[in-house]
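This report refers to the structure that appears directly beneath it.
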Amino acid sequence: MSTDMFPQASRELNDKRQQLAPAATEAFKAFSKAVFADGALSAKTKELIAVAVAHVTQCPYCIRGHTAGALRQGATEQEIMEAIWVAAEMRAGAAYAHSNLALDAMAQHAARHPSTN
């Protein structure tokens, strides 16, 4: 991972974010704390979901942070890897499902331009 593209998270960057938008930063922290608290889903399950989502959104900070969070909540390495495979399948499944859009566009093009088929 290039440090030019993704700077290492640091206390200085965190402090700067807090300084530039203190109310939004505090609101985000409170929201995050509420979201990841035990509820109908355990904190461990929520962290595993976050690991999967982080892989779909491809956020390196989220991948590292939520992998660590899942481990802190008692997730095993095997559980984390399974969550990542679920994310991979869903991402591939979305591409497969969205191929309907391309198939429809091709059909519409063929209907408008019958001589190019």
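Just so you know, all these numbers are worked out from the coordinates, no wet-lab data involved. No experiment lies behind these values; they were computed from the predicted model shown.
In table form, for the structure just shown:
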{"item": "Per-residue ³J(HN,Hα) for segment 79-90, Karplus 6.51 cos²θ - 1.76 cosθ + 1.60, θ = phi - 60°, Hz, x for Gly and Pro", "result": "5, 4, 5, 4, 4, 5, 5, 4, 4, 4, 5, 5"}
{"item": "Rg [Å, one decimal], Dmax [Å, integer] - the chain, C-alpha atoms", "result": "20.6, 63"}
